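The block underneath contains the structure these notes are about, expressed in structure tokens.
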Amino acid sequence: MIRRRQAVFALLVLSGVTAVAAASRGGQAVQTDDCGYAGVAIVNYEQAELDATCRALSDIISYFRQIGFALKPRVSVRFADRPLGRSTGATSAYGFFDAPGAQIVVYRSSDVRPWGLPWSPQLAMSFLHHELVHMAVWRIVGDGPVRLRPEWHEFIAYAIQLDLLSPQLRDQVLTTHAEALPSENFLDINEFTSRMDPECFAVMAYKTYLANGRESFVARLLGGEFVPPPFSYPFAVLPGQLPVQ
Ligand SMILES: [Zn+2]
């Protein structure tokens, strides 16, 4: 009986060890950190990626605080290898923000060259800024009365992304699309320009942002004091064919 009990005990210990081992293996896969914010979960990161995300988050929170929006971040940020063969536009090469899921996926994209420039920690940080701005705008606009079309979400994300670059790197980015001019009537900010050439759109967005008061322009857009003109399509569209507003 005693021997049998010992055997059972040994089995229990063994299965316990196996369970702990499995949990720690699983634990690595679900390693999370919150950068000090209750609504934030950084998932599947390396230490440098975590540090960069926390710094980027703090940059974005202070940007919006300066223009009068106290941001309570709610987002998960997951680092992932870029799916092979994915080439649907420049933005998707670096990651994306999924608004309903409040999730950012950041691709480890060392083999891409945004604006033709070599990948660098600074550029990686700038795309973290970009996706976190998307999160911030969704949090601020929420279910409130201000409705911004998708291209205006992109406008704000790119403008702040470029604004937060070092002056030297920003000049390099701007030089790649010297032909892009600030939009004078805002109709150049539309779903075609934003999707067909996002890198050129980014430069045009930044120049338009500068020409209209920088941070104060973002504040007016988010506060509903500036309402972008409605875009009229150069062809007939049915209501169901319009992009989500
Ligand atoms: Zn974007």
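The table that follows gives values for the structure above.
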| item | result |
| --- | --- |
| Matching entry among Met196, Met204, Met135 (being loosely packed, with under 15 Cβ neighbours inside 10 Å and within 15 Å of the ligand (Cβ to nearest atom)) | Met196 |
| Where Phe127 falls short, out of the listed (1) within 16 Å of the ligand (Cβ to nearest atom); (2) touching a residue at least 40 places away in the same chain (Cβ under 8 Å) | (2) |
| Output for region 138-148, where each listed residue is within 13 Å of the ligand (Cβ to nearest atom) and closer than 16 Å to Ile189 by Cβ | Leu148 |
| Number of the exception - Leu169 against (1) more than 16 Å from the ligand (Cβ to nearest atom); (2) over 20 Å from Glu131 (Cβ atoms) | (2) |
| Residue count for region 206-216, restricted to those that are closer than 16 Å to Ala136 by Cα and free of Cβ contacts under 8 Å to residues at least 40 places away in the same chain | 0 |
| Among the residues listed as Phe79, Phe64, Phe69, the single one being modelled with pLDDT under 95, surrounded by 15 or more Cβ atoms within 10 Å (Cβ to Cβ) and more than 15 Å from the ligand (Cβ to nearest atom) | Phe79 |
| Residues of region 209-221 satisfying the condition of being in a helix (DSSP H, G or I) and more than 16 Å from the ligand (Cβ to nearest atom) | Leu210, Ala211, Glu215, Ser216, Phe217, Ala219, Arg220 |
| In region 138-155, residue surrounded by the fewest Cβ atoms within 10 Å (Cβ to Cβ) [restricted to those that are farther than 16 Å from Gly223 by Cβ and under 16 Å from the mean Cα position of the chain (by Cα)] | Pro150 |
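The values are calculated or read from the model by the stated rules, or taken from the named source; none is laboratory data. These numbers were taken from a predicted model, which means no experiment stands behind them. Counting neighbours? That spans all protein chains shown, and the Cβs are built from the backbone with ideal geometry, glycine included.
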